Amino acid sequence: MPAVPRHPDTVAGFAGLARTIAADRAGWAPLVRYDAASRWYHRLRTGPGYEVWLLSWLPGQGSGRHGHGPSSGVFTVLEGELTEYARGTRRALRAEALRTFAPGYVHEVVNESLVPVVSLHVYFPGLTEMPMHEPVAACSAGTVQLAAD
Ligand SMILES: [Fe+2]
């Protein structure tokens, strides 16, 4: 695997950064906490124009349907399985699954499993807003399509 530059400046570079951090379990695992009241998050590192966040999700915790303002992003699951609802699809995200998105992307992420989940999120530029959107009734009505990856 090619070396990840210290400060990536492409989507592929940020994906590589996320994979590199994910592989360093001894680096992130001791930092993880769980909060019964809401998702727990911790800013793991910052660089020029980007931020890396570590999140934990107890069973049932979710993001609500939201956008990311002007930010693009990369996120991956470090432990467990998350479910992402976006654009009428339901996608299971297990460890090593990696998602990228551009500004304007709207999704909802939920821990629908029975065990805690840990995830890693890179935002570029750093996340300055997370506008909430109305829930999509189709998600709870079972009419979403399963994503095929
Ligand atoms: Fe998001």
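The values are calculated or read from the model by the stated rules, or taken from the named source; none is laboratory data. None of these values were measured; they are calculated from a predicted model. Don't worry about glycine lacking a Cβ; one is built from the backbone with ideal geometry, like all the others, and counts go over all protein chains shown. Just so you know, the surface numbers come from the protein's heavy atoms only, side chains and all, with ligands and any DNA or RNA stripped out. Shrake-Rupley method; radii C 1.70, N 1.55, O 1.52, S 1.80 Å.
The table that follows gives values for the structure above.
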| quantity | calculated |
| --- | --- |
| In the range 12-36, the residues that are open to solvent by 60 Å² or more (accessible area, probe 1.4 Å), small (Gly, Ala, Ser) and modelled with pLDDT of 95 or more | 23, 26, 36 |
| Selected residue [touching a strand residue (DSSP E or B) at 6+ places or on another chain (Cβ under 6 Å) and open to solvent by 70 Å² or more (accessible area, probe 1.4 Å)] from 112, 134 | 112 |
| Lone qualifier among 45, 65, 94 - being within 11 Å of the ligand (Cβ to nearest atom), open to solvent by 40 Å² or more (accessible area, probe 1.4 Å) and of a type outside the set (Asp, Glu) | 65 |
| Tally, over the range 22-44, of residues that are in a helix (DSSP H, G or I) and in contact with a Ser or Thr (Cβ under 9 Å, 6 or more places away or on another chain) | 1 |
| Positions within the range 1-11 being surrounded by 15 or more Cβ atoms within 10 Å (Cβ to Cβ) and free of Cβ contacts under 8 Å to residues at least 24 places away in the same chain, in sequence order | 4 |
| Residues within the range 68-79 that are within 9 Å of the ligand (Cβ to nearest atom) and open to solvent by 10 Å² or more (accessible area, probe 1.4 Å), tallied | 0 |
